[in-house]
């Protein structure tokens, strides 16, 4: 069994790939989505979420590039020498890669694979709550008697070891 995969050149960075997928799914460039999220009086919640997640991913990518440049500068400054400073810079690059990859996973999972659905129960409950913001809360009274542990609840030293 063979799988035909296109051998098109990949973009230079992950952010470009994610941006292409977002633009394909929503049918608009990311700049138009950003403008809509910022300037609209009542922006679409999904658009706001897409823009927020994409912006955080782009910031993570910039931070990664800065850490890589710092490591590269250290390597160029002292070729053939490996110090604790080099190790710390390499670890900073590793941490930045992990964070960027986590942002990619968030965008792919939450934005591309599972977009918000306007009919989802949580969305309709939020809309209903916004429609009636001044509704009085329940006046049901609560008990003020102190609670005591039941006889079935073990107490003492043996219970603390569990």
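Things to note:
- Inter-label distance, residue 112 to residue 66: 2.6 nm, where each label sits 7 Å from its Cα along the C-beta direction.
- Using the Stokes-Einstein relation with a Kirkwood hydrodynamic radius computed over Cα pairs, the translational diffusion coefficient of the stretch 14-120 at 10 °C and a viscosity of 1.306 mPa s comes to 102 µm²/s.
- The slack between residue 16 and residue 44, meaning 0.36 nm per residue of separation minus the straight C-alpha distance, is 7.7 nm.
Read the figures in this text as sums done on the coordinates, not as results from a lab. The structure displayed is predicted, hence computed values, not measured ones. In this analysis, Cβ positions are derived from the backbone assuming ideal geometry, glycine residues included, and neighbour counts consider all displayed protein chains.
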